[in-house]
Amino acid sequence: MGATPIHPVYGGRQACTDCCSEMNFTVTVQPADRSFSVDRDEPILAAAIRQGVGLPYGCRDGACGSCKSRLLEGRVIHGAHQLKALSVAEEDDGFILPCCATPQTDCVVEARSVPGAGEFPVLKMPSRVISIERPSADVAILKLQLPANQNLQFRAGQFVEFILRDGARRSYSMANSPQRLGSPPAIELHLRHMPGGRFTDHVFAAMKEKDILRMEGPFGSFFLREDSQAPIVLLASGTGFAPIKALIEHMQDKAITRPALLYWGGRRPADLYLHDWCLQAAAAMPQLRYIPVVSEPTADDGWTGRTGFVHQAVMADLPDLSGHQVYACGVPVMVDAARSDFGARCGLPDDAFFADSFTSEADKH
C-alpha cells in the first residue's frame with residue numbers, strides 16, 4: 001500500500017479525495033488480533049459485518065453506543081452520531097463508534113470480540129406477509145414467509161432491516177428462535193406504531209396479507225452467550241420483548257437450564273401484549289420466573305402486580321448482580337438507565353450487560 005498520505009485537513013471532518021480515491025485500509029481488532037480491510041469511505045463496522053468479523057453493535061446508526069470501542073492506533077473520521085452514543089470528551093479520550101467511523105489510515109481498535117456475530121451470511125431477500133395480528137391497540141405482530149430458495153440463518157435475538165423504496169431502512173428483531181421457523185419458514189416481528197413513522201403508519205393503515213417486503217439480515221450481536229453458566233436477567237420494555245421472546249424459545253429448544261428472571265415493563269398492562277405467553281413459558285420452564293412491571297397503572301386497569309420502572313424492580317430484587325448476565329432490550333432511556341445503575345449500584349460487570357436498544361427514527365435525530 002505504501003506510505004499513507006497526509007491529509008491537509010483532519011479536524012474539520014474533511015478527507016483528501018485525490019490521493020486515496022482507490023485506497024483501502026487495514027483495521028486490526030485487539031485483543032482478538034483479527035484484521036480486515038475497509039474500503040475508502042466505508043465505516044469500520046460495515047466492513048467487519050461484510051467479512052464476518054464479530055464486533056459488538058446495535059443500531060448501526062450512531063445512536064445507541066453499543067459498538068463503542070477504543071482507537072489504539074490510526075485516525076478515523078466520524079459521520080453524524082448522537083452525543084449520548086459518543087460524547088466529545090469520549091472522542092477526545094480515544095473512543096470511536098465503528099458504525100460511523102471511517103478510517104483515514106490503517107487502524108488498531110480495542111473491542112470485545114463477539115464469537116458468532118459474523119457466523120451467518122447477511123442476505124437480501126423478499127418476504128411475504130402471512131399474517132398481521134394486533135394484540136394491543138398500538139402493537140402489530142407480523143409473520144413473514146421466507147423465500148424457499150434462500151436459507152436465512154440467524155441467532156435468536158438478532159434483527160433484520162427492511163429496505164424501503166427510497167433506500168431508507170427500518171430494523172426489527174426476530175421474535176422467534178431459528179428452530180421455530182415452521183413450514184413454510186417464517187419469522188415473527190413485533191412492531192409498535194409510531195404515529196407519523198413512514199413504515200409503521202403503512203403497517204397499521206395499509207399493509208395486507210401477501211404484500212411483499214424487501215429485507216436484509218441477520219444483523220446484531222444481541223444473543224445468548226452460551227459459554228457461561230451465570231444466572232440470567234432478561235429485561236424488556238414494550239416491544240423490546242421481541243428478541244427476549246426469541247431467547248426464551250432458544251433456551252427451551254436447546255434445553256438450557258440456567259436460572260432466568262424475565263422482567264417485562266410497560267406503562268399500562270395492555271403494553272404487556274403477550275402476558276399470557278410469558279405465564280405459559282414460566283409454567284413450562286422450571287428455571288424461568290416472570291415478573292411483569294407496570295409504571296403508570298390507572299384505577300380502571302385493576303393492576304395488582306409490581307409498579308414503577310422495570311429496571312428498578314430488578315435492583316430491588318437483586319441488589320447484587322455481580323454474578324449475573326443481563327440481556328436488556330427496549331427504549332433507549334430504559335437500556336441506558338439499566339446499564340448505568342446496574343453497574344454503579346449493583347456491581348454488574350460491564351462485560352456482563354448485553355443490550356439491544358430500540359432506537360426509532362425519532363430517537364436518531
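The values are calculated or read from the model by the stated rules, or taken from the named source; none is laboratory data. Everything quoted here is computed from the prediction, not taken from an experiment. Positions of Cβ are backbone-derived with ideal geometry, glycine not excepted, and every protein chain shown enters the neighbour counts.
From the list Arg198, Arg155, Arg180, Arg169, pick out the single residue that is modelled with pLDDT of 95 or more and either within 19 Å of the chain's Cα centre (by Cα) or under 21 Å from Cys59 (Cβ atoms) (or both).
Only one candidate qualifies: Arg155.
Between residues in the stretch 246-257 that are under 12 Å from Asn176 (Cα atoms) and residues that are of a type in the set (D, E, K, R) and part of a helix (DSSP H, G or I), which pairs lie under 8 Å by C-beta distance while being six or more apart or on different chains?
Taking only residues 6 or more apart or on different chains, the pairs are Glu249/Arg180; Asp253/Arg180.
Kindly evaluate Ala148 against the criterion of being outside the structural domain of His250 (by TED's automatic domain parsing), in contact with a Gly (Cβ under 7 Å, 6 or more places away or on another chain) and surrounded by fewer than 17 Cβ atoms within 10 Å (Cβ to Cβ).
Criteria not met by Ala148.
Please count how many residues of the stretch 190-218 are part of a strand (DSSP E or B), out of contact with any helix residue (DSSP H, G or I) (no Cβ under 7 Å at 6 or more places or on another chain) and not acidic (Asp, Glu). Even if it seems obvious, please write down each step before you answer.
The initial filter retains those residues of the stretch 190-218 that are part of a strand (DSSP E or B), namely 190-192, 212-218.
Still in the list and also out of contact with any helix residue (DSSP H, G or I) (no Cβ under 7 Å at 6 or more places or on another chain): 212-218.
Within this subset, residues satisfying the condition of being not acidic (Asp, Glu) are 212-215, 217-218.
Here the count works out to 6.
Assuming Pro292 fulfils every condition listed in (1) surrounded by fewer than 20 Cβ atoms within 10 Å (Cβ to Cβ); (2) within 21 Å of Val335 (Cβ to Cβ) apart from one, which condition is it?
Going through the list (1) surrounded by fewer than 20 Cβ atoms within 10 Å (Cβ to Cβ); (2) within 21 Å of Val335 (Cβ to Cβ), Pro292 breaks only (1).
Of all residues in the stretch 16-31 being of a type outside the set (Ser, Thr, Tyr) and modelled with pLDDT of 90 or more, which is surrounded by the most Cβ atoms within 10 Å (Cβ to Cβ)? Full working, then the answer.
Taking the stretch 16-31 as the starting set, the residues that turn out to be of a type outside the set (Ser, Thr, Tyr) are 16, 18-20, 22-25, 27, 29-31.
Add one more test, that the residue is modelled with pLDDT of 90 or more, and what stays is 24-25, 27, 29-31.
Numbers: Asn24: 16, Phe25: 24, Val27: 26, Val29: 24, Gln30: 15, Pro31: 9.
Ranking the qualifying residues of the stretch 16-31, first place goes to Val27.
Could you list, in sequence order, the residues of the stretch 158-183 that are in a loop (DSSP other than H, G, I, E, B) and either without any contact (Cβ under 8 Å) to a residue 40 or more places away in the chain or among the acidic types (Asp, Glu) (or both)?
Answer for the stretch 158-183, where residues must be in a loop (DSSP other than H, G, I, E, B) and either without any contact (Cβ under 8 Å) to a residue 40 or more places away in the chain or among the acidic types (Asp, Glu) (or both): Leu164, Arg165, Asp166, Gly167, Ala168, Leu181, Gly182, Ser183.
Consider only pairs whose beta carbons are under 8 Å apart and that are at least six residues apart or on different chains; among these, list those whose first residue lies in the stretch 344-359 and is outside the structural domain of Cys64 (by TED's automatic domain parsing) and whose second residue is of a type in the set (Lys, Arg) and part of a helix (DSSP H, G or I).
These pairs meet every condition: Phe353/Arg339; Ala355/Arg339.
Consider only pairs whose beta carbons are under 8 Å apart and that are at least six residues apart or on different chains; among these, list those whose first residue lies in the stretch 192-213 and is more than 24 Å from Ser237 (Cα to Cα) and whose second residue is surrounded by fewer than 18 Cβ atoms within 10 Å (Cβ to Cβ) and of a type outside the set (A, V, I, L, M, F, W, C).
Here the result reads Glu209/Ser131; Lys210/Arg128; Asp211/Arg128; Ile212/Pro126; Ile212/Arg128; Leu213/Pro126; Leu213/Arg128, each pair linking the stretch 192-213 to a residue that is surrounded by fewer than 18 Cβ atoms within 10 Å (Cβ to Cβ) and of a type outside the set (A, V, I, L, M, F, W, C).
Where the second residue is part of a loop (DSSP other than H, G, I, E, B) and the first is of a type in the set (Phe, Trp, Tyr) and lies in the stretch 280-305, which pairs have Cβ atoms under 7 Å and are six or more apart or on separate chains?
Correct list of pairs: Trp303/Pro297.
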